[in-house]
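The values are calculated or read from the model by the stated rules, or taken from the named source; none is laboratory data. Here the structure is a predicted model, which is why all the values come from computation and not from measurement. Here Cβ is always computed from backbone atoms with ideal geometry, including for glycine, and neighbour counts include all displayed protein chains.
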There are 2 protein chains.
Amino acid sequence: MNVTSKGRYALRVMVDLAQHPEDGFVSLKTVAERQGISMKYLEMIVGHLKKAELVESTRGKEGGYRLCRDAASYSVGEILHCIEDNLAPVSCIRDGSITCDHAELCLTIPMWKELDEITNKYLESITLADLLSGDKWKGT
Amino acid sequence: MNVTSKGRYALRVMVDLAQHPEDGFVSLKTVAERQGISMKYLEMIVGHLKKAELVESTRGKEGGYRLCRDAASYSVGEILHCIEDNLAPVSCIRDGSITCDHAELCLTIPMWKELDEITNKYLESITLADLLSGDKWKGT
DNA sequence: TAATATACTATAGATTCAGTAGGAATTAAA
DNA sequence: TTTAATTCCTACTGAATCTATAGTATATTA
């Protein structure tokens, strides 16, 4: 897996929105300033989050974005999956399936597959609410 | 972590050498043909393995490469680390250290750090001998 | 109607990836 | 001693991906 800036920013946008649940629709300009990220770049990223129905939006003045659900209901994996092309550790695997021709002969594939499963399991186990509280990593 | 073709090929070379322990020094030409990988590309990869003292070589006719140690003593992590620039899931982390400016403020860093530790632990736990036998993944 | 947003498409520079090219140095066998 | 086979070393290159930026159209509210 290689999580690019798109994925990292997507996560930070979601965290930012989760941190301000009382503000209703929050404009990208606000998020971009708070997070120190280019607003134009965020537009593209949030477009994917919207398409996957992780956020909802209104246009025009006083418009912006907000979460659709409770923070605890979003997993990190869910967020990353809608913005990253491939989360597997190697290009031989995509969305849990093996995309390699000589996979039967390759002695390394089962190891990559298990690694992919371990990382996905971890990312599914962490929620947006976990990131907000930080409790899982207290004292580390 | 993004394991590139360099890392995947390095692993396959090591597996190939481990599969032919009785052949003494094996030429890259032989490995390249067996594995279906460009020999010129392998030269560069094996250069790193040699520098890290994972393999030893002799030059000239009848020359080639062979493992320095028993297959069970090499971890997958060890092999990948000497060929891949960064094995962390995000560029904010490198070799277990955080390289990001606003890490104290960033709510996602502890999660990335833990993910990095989980994947490294897994890769350290798998040996070349495990890949050869395939026993760890029997019946999956 | 003016101001403020989102929504959409195209483009571009920088970096990394994946591999190639060419030749120098070394060694064993003929 | 010559020849063939091999490692070793450096430089280069085309393609892909990453990381945005630019410009414009559309929608909404005050």
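So here's what we get for this one:
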read-out: Residue check for residue A:99: closer than 22 Å to residue B:77 by Cβ and surrounded by fewer than 18 Cβ atoms within 10 Å (Cβ to Cβ); value: no
read-out: Matching entry among A:79, A:83 (being more than 23 Å from residue B:10 (Cα to Cα), more than 9 Å from every other protein chain (Cβ to nearest Cβ) and in a helix (DSSP H, G or I)); value: A:79
read-out: Pick from segment A:124-136, criterion more than 7 Å from chain B (Cβ to nearest Cβ) and in contact with a helix residue (DSSP H, G or I) (Cβ under 6 Å, 6 or more places away or on another chain), ranking: farthest from residue A:77 (Cα to Cα); value: A:136
read-out: So residue B:84, is it at negative phi, out of contact with any strand residue (DSSP E or B) (no Cβ under 6 Å at 6 or more places or on another chain) and among the acidic types (Asp, Glu); value: yes
read-out: Selection from segment A:1-19 of residues that are of a type in the set (S, T, N, Q) and either modelled with pLDDT of 95 or more or part of a helix (DSSP H, G or I) (or both); value: A:4, A:5, A:19
read-out: Search result, residues across segment A:88-101 that are more than 11 Å from DNA strand D (Cβ to nearest atom) and within 11 Å of chain B (Cβ to nearest Cβ); value: A:88, A:89, A:90, A:92, A:93, A:100, A:101
read-out: Qualifying positions in segment B:1-56 - in contact with an Asp or Glu (Cβ under 8 Å, 6 or more places away or on another chain), of a type outside the set (A, V, I, L, M) and more than 8 Å from DNA strand D (Cβ to nearest atom); value: B:4, B:6, B:7, B:34, B:35
read-out: Among the candidates A:43, A:22, residue that is exposed (fewer than 13 other Cβ atoms within 10 Å of the Cβ), in a helix (DSSP H, G or I), away from DNA strand C (no atom under 12 Å from the Cβ) and not aliphatic (A, V, I, L, M); value: A:22
read-out: Inter-residue pairs, beta-carbon under 7 Å, first over 11 Å from residue B:114 (Cβ atoms) and in segment A:118-140, second among the aromatic types (Phe, Trp, Tyr), 6+ apart; value: A:118/B:122; A:127/A:74; A:128/A:74
read-out: Only one of B:103, B:72 that is without any contact (Cβ under 8 Å) to a residue 12 or more places away in the chain and either away from DNA strand C (no atom under 14 Å from the Cβ) or in a helix (DSSP H, G or I) (or both); value: B:103
read-out: Contacts under 7 angstrom Cβ, first residue in segment B:35-64 being within 16 Å of residue B:14 (Cβ to Cβ), partner among the aromatic types (Phe, Trp, Tyr) and within 6 Å of DNA strand D (Cβ to nearest atom), 6 or more apart; value: B:46/B:65; B:55/B:65; B:57/B:65
read-out: Scope segment B:25-40; condition within 11 Å of DNA strand C (Cβ to nearest atom) and under 20 Å from residue B:131 (Cα atoms); matching residues; value: B:32, B:36, B:37
read-out: Residues within segment A:63-76 that are within 14 Å of chain B (Cβ to nearest Cβ) and not hydrophobic (A, V, I, L, M, F, W, C), tallied; value: 2
read-out: Some residue of segment A:116-136 being surrounded by fewer than 15 Cβ atoms within 10 Å (Cβ to Cβ), within 13 Å of DNA strand D (Cβ to nearest atom) and in a loop (DSSP other than H, G, I, E, B); value: no
read-out: Matching residues, segment A:31-40, being buried (at least 16 other Cβ atoms within 10 Å of the Cβ) and assigned to a helix (DSSP H, G or I); value: A:31, A:32, A:35
read-out: Residue check, residue B:108 loosely packed, with under 14 Cβ neighbours inside 10 Å, at the interface with chain A (Cβ under 10 Å from one of its Cβ atoms) and among the β-branched types (Val, Ile, Thr); value: no
